[in-house]
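Presented below is the structure to which this report refers.
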Amino acid sequence: MTVVAFDFDGTLSDSEMTVLLGKQCGVADEMAEITERSMNDEIEYAESLRRRAALLEGLDEEAVAAAFAEVELREGAGALIESLNDAGVTTAILTGGFERGVEAALEREGATVDHIVSNRLPMDDGRLTGDVEGSLIEGTKDTALEDLATHVGAALEETVAIGDGANDLPMLRVAGLSIGFDPKPAVEPHCEVVVHSMAEVRDTLLAEGVLDRE
């Protein structure tokens, strides 16, 4: 396997960016409800993301930065990414979440990935507009994974996808190896392997020969 693509919220991180942003303006419970319905495939992902972004309209830059400062990687995630990088594996994060939050969490752990495909929350005059932009609103993660594999000259059979929610289903279905990280009930049947920690992800990648035992 030459490409490993991670989801972010719920997979590499146990943070949920829209909920953290929602706490800053008192709508965290509404955010969490919309997120849960989307991850369980009860409402379309694009619709759910637009609903959540609309709830954030008017949130100022300082509050946005404070929310993203709370985004953290799971225990062992940074070390796993670096092990993959050291092994020459192309690492990617494919997320409907937001690039600033992903980059902030990686930077705090001193971790880097080769590619981040994500969305953005536009601002006007220092405040969120209530809109959302990016390729993973209407676009799906299977296309993102296919594009990435083509870019690095790998076959889809050489890819690994790791995710937990309904919006991860497209990439889990097309990847050479699909790993569900504590997956939602609607997602688990589509995963070849189910794990509940980054240590178990590492063990799976070792067993599949993606990583070499030291």
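The values are calculated or read from the model by the stated rules, or taken from the named source; none is laboratory data. Here the structure is a predicted model, which means the values were calculated and not measured. Note that we place each Cβ from the backbone using ideal geometry, even for glycine, and neighbour counts take in every protein chain shown. Side chains included, ligands, DNA and RNA excluded: accessible areas come from the protein's heavy atoms. Shrake-Rupley method; radii C 1.70, N 1.55, O 1.52, S 1.80 Å.
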Out of the stretch 1-60, which residues are touching a residue at least 60 places away in the same chain (Cβ under 8 Å) and among the β-branched types (Val, Ile, Thr)?
Thr2, Val3, Val4, Thr11, Thr18
For the stretch 37-61, give me each residue that is hydroxyl-bearing (Ser, Thr, Tyr) and touching a strand residue (DSSP E or B) at 6+ places or on another chain (Cβ under 7 Å).
Tyr45
Counting only residues that are closer than 15 Å to Ser15 by Cβ, in contact with a Ser or Thr (Cβ under 6 Å, 6 or more places away or on another chain) and acidic (Asp, Glu), the stretch 73-117 contains a total of 1
Among the numbered conditions (1) touching a residue at least 60 places away in the same chain (Cβ under 8 Å); (2) assigned to a loop (DSSP other than H, G, I, E, B); (3) open to solvent by less than 40 Å² (accessible area, probe 1.4 Å); (4) not charged (D, E, K, R), tell me where Pro185 comes up short.
(3)
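Glu62: farther than 25 Å from Val3 by Cβ, modelled with pLDDT of 95 or more and either touching a Leu at 6+ places or on another chain (Cβ under 8 Å) or surrounded by 15 or more Cβ atoms within 10 Å (Cβ to Cβ) (or both), yes or no? Before you say what the answer is, go through the steps one by one.
Details: farther than 25 Å from Val3 by Cβ: yes; modelled with pLDDT of 95 or more: yes; either touching a Leu at 6+ places or on another chain (Cβ under 8 Å) or surrounded by 15 or more Cβ atoms within 10 Å (Cβ to Cβ) (or both): no.
Taking the combined requirement at face value, the residue does not satisfy it.
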With criteria (1) within 21 Å of Asp142 (Cα to Cα); (2) surrounded by fewer than 21 Cβ atoms within 10 Å (Cβ to Cβ); (3) within 18 Å of the chain's Cα centre (by Cα), Asp9 comes up short on (2)
Find the residue count for the stretch 121-155, including only residues that are in contact with a helix residue (DSSP H, G or I) (Cβ under 6 Å, 6 or more places away or on another chain) and without any contact (Cβ under 8 Å) to a residue 40 or more places away in the chain.
2
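Of the residues that sit in the stretch 98-117 and are of a type in the set (Val, Ile, Thr) and assigned to a loop (DSSP other than H, G, I, E, B), which one is farthest from the chain's Cα centre (by Cα)?
Going residue by residue through the stretch 98-117, those that are of a type in the set (Val, Ile, Thr) are 102, 112-113, 116-117.
Add one more test, that the residue is assigned to a loop (DSSP other than H, G, I, E, B), and what stays is 112-113.
Details: Thr112: 14, Val113: 12 Å.
Taking the candidates together, the pick is Thr112.
So which of Arg108, Arg213 ends up being on the phi < 0 side of the Ramachandran plot, surrounded by fewer than 16 Cβ atoms within 10 Å (Cβ to Cβ) and in contact (Cβ under 8 Å) with a residue 12 or more places away in the chain? Can you show your working first?
Numbers: Arg213 fails: in contact (Cβ under 8 Å) with a residue 12 or more places away in the chain.
When all the criteria are applied, what remains is Arg108.
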Quick check: is even one residue across the stretch 118-139 of a type in the set (D, E, K, R), under 20 Å from the mean Cα position of the chain (by Cα) and over 19 Å from Asp7 (Cα atoms)?
yes
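Going through Glu208, Glu158 one at a time, which residue ends up being touching a residue at least 60 places away in the same chain (Cβ under 8 Å) and within 20 Å of Ile116 (Cα to Cα)? Steps first, please.
Numbers: Glu208 fails: within 20 Å of Ile116 (Cα to Cα).
After ruling out the rest, the residue left standing is Glu158.
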